[in-house]
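Read through the structure below, which is laid out as structure tokens, and then see the notes.
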Amino acid sequence: MTARRTLKTADELHAAGLLDDSRLGPARAVAERYTIAVSPAVAALIDRDDPQDPIARQFLPTADELLTTTEERSDPIGDAAHSPVKGIVHRYPDRVLLKAVHVCPVYCRFCFRREVVGPQGDGTLAPDELQAAIAYIREQPEIWEVILTGGDPLVLSPRRLSQIMEMLADIPHVRIVRFHTRVPVVDPDAVGDALIAALKASCKTTYVALHANHPRELSEAARAACARLVDAGIAMVSQTVLLRGVNDDPALLAELMKAFVENRIKPYYLHHPDLAPGTSHFRLEIAEGQRIVADLRGRISGLCQPTYVLDIPGGHGKAVIGESEIHRDGGGYTVRDFRGVEHAYPPRGQDQD
Ligand code: SF4
């Protein structure tokens, strides 16, 4: 059965054939705490015959979400500690997050902001709150980049997006505006002329960071949506979350990163999953992630390599957590090549060629 509208309850997912009878009860229990939404484009990607389907795993609620472990926390990356006014997170000197909206077209089961996104979450900034957030950006001359995130900022109407871009256009020290979104994948038809015009409604350099975790998410329609953005002069980068049972496989990740590059999207971040409540079934050990990333080095070109990062709990920002390929060795260094073979640097004796 093909869904024509976004499915928002456990019962709607069950009626659409996406949850079997045994999963309906746990899914109802999950829905009492966390928001559910599966868009028609995502429903069409799910393989209903595969109980381990990696698309289903990202979007369909499971009993695993009912377990909250002791290390998990409601604000896993510490946004609240760096929020001087509502809607702003100012963690690094030269950039801010502007969270204008807290709803998404889909809700990822591993979401790091799952306690604040959704209709019951922090909502959309009221006009006076948006004005206050923009005033904060205007008063901080060190802010070079504004990152619209949320929620998914591309769910805002083109009219509201244009208003935000026009307000940012008046701030000379803001040079870059970046949007973090899943819309080109989960609602590709929304990327039309009106939305693209809104993204360009300022003189700022605009980036779109696409969140996608599996090659199958880059459907023909998603690729076409990305092409419309890039053809319009909007640069694209990617972000992917490393998730157990979804993409914890170097060959599959290599395929995803190559697909990004083929579609003119520069791979940017590979996130280690955050300590969001009810997400322990998605988390790998950091050592497992390091092995996967080391394997990627030998499989794909530098253009395709993402940076493996961890958001340090408590709001301390990102750390690059791939294994170093070089270490001190006496007076010099030992450096590891893409095959895993170690070499002295500077070379010694016959290795000098
Ligand atoms: S799109 Fe982003 S903010 Fe929205 S549910 Fe998914 S991870 Fe969370």
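Some notes on this structure:
- Taken over segment 201-235, the criterion of being open to solvent by 20 Å² or more (accessible area, probe 1.4 Å), over 19 Å from residue 149 (Cβ atoms) and not acidic (Asp, Glu) is satisfied by 203, 216, 219, 221, 223, 224, 227, 228, 230, 232, 233.
- Close pairs from segment 255-275: first open to solvent by 30 Å² or more (accessible area, probe 1.4 Å), partner acidic (Asp, Glu), Cβ under 7 Å, at least 6 apart: 275/71; 275/72
- Boolean, residue 137 is part of a loop (DSSP other than H, G, I, E, B), of a type in the set (A, V, I, L, M, F, W, C) and more than 16 Å from the ligand (Cβ to nearest atom): no
- Residue in segment 75-94 that is outside any loop (DSSP other than H, G, I, E, B), within 15 Å of the ligand (Cβ to nearest atom), under 16 Å from the mean Cα position of the chain (by Cα) and in contact (Cβ under 8 Å) with a residue 12 or more places away in the chain present: no
- Of all the numbered requirements in (1) modelled with pLDDT of 95 or more; (2) open to solvent by less than 40 Å² (accessible area, probe 1.4 Å); (3) more than 20 Å from the chain's Cα centre (by Cα); (4) not β-branched (Val, Ile, Thr), residue 64 misses one, and that requirement is (2).
- Applying the condition of being surrounded by 20 or more Cβ atoms within 10 Å (Cβ to Cβ) and among the hydrophobic types (A, V, I, L, M, F, W, C) to segment 178-194 and asking which residue is farthest from the ligand (Cβ to nearest atom) yields 191.
- Of the criteria (1) within 16 Å of the ligand (Cβ to nearest atom); (2) open to solvent by 10 Å² or more (accessible area, probe 1.4 Å); (3) of a type in the set (Ser, Thr, Tyr), which one residue 238 fails: (2)
- Unique residue being touching a helix residue (DSSP H, G or I) at 6+ places or on another chain (Cβ under 9 Å), in a loop (DSSP other than H, G, I, E, B) and hydrophobic (A, V, I, L, M, F, W, C) when the list is 284, 275, 256: 284
- Residue 61 within 18 Å of residue 139 (Cβ to Cβ), without any contact (Cβ under 8 Å) to a residue 60 or more places away in the chain and in a loop (DSSP other than H, G, I, E, B): no
- Residue tally, condition at pLDDT 90 or above, open to solvent by 30 Å² or more (accessible area, probe 1.4 Å) and either more than 9 Å from the ligand (Cβ to nearest atom) or aromatic (Phe, Trp, Tyr) (or both), over segment 98-124: 1
- Out of 292, 326, one residue alone is out of contact with any strand residue (DSSP E or B) (no Cβ under 7 Å at 6 or more places or on another chain), farther than 30 Å from residue 32 by Cβ and either open to solvent by less than 60 Å² (accessible area, probe 1.4 Å) or without any contact (Cβ under 8 Å) to a residue 60 or more places away in the chain (or both). It is 292.
- Answer from 164, 143 - the residue that is in contact with a strand residue (DSSP E or B) (Cβ under 8 Å, 6 or more places away or on another chain), assigned to a helix (DSSP H, G or I), more than 16 Å from the ligand (Cβ to nearest atom) and open to solvent by less than 50 Å² (accessible area, probe 1.4 Å): 164
Yes/no matrix, rows are residues, columns are (1) open to solvent by less than 40 Å² (accessible area, probe 1.4 Å); (2) more than 16 Å from the ligand (Cβ to nearest atom); (3) closer than 22 Å to residue 246 by Cα:
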site: 3; (1), (2), (3): yes, yes, no
site: 9; (1), (2), (3): no, yes, no
site: 20; (1), (2), (3): no, yes, yes
site: 23; (1), (2), (3): no, yes, yes
site: 32; (1), (2), (3): no, yes, no
site: 37; (1), (2), (3): yes, no, yes
site: 41; (1), (2), (3): yes, no, yes
site: 45; (1), (2), (3): yes, no, yes
site: 48; (1), (2), (3): no, yes, yes
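The values are calculated or read from the model by the stated rules, or taken from the named source; none is laboratory data. Given the structure is predicted, the values throughout are model-derived calculations rather than measurements. So basically every Cβ, Gly included, is an ideal-geometry build from the backbone, and we count neighbours across all protein chains shown. When the accessible area is computed, the model is the full protein with side chains, heavy atoms only, and any ligands, DNA or RNA have been set aside. Shrake-Rupley method; radii C 1.70, N 1.55, O 1.52, S 1.80 Å.
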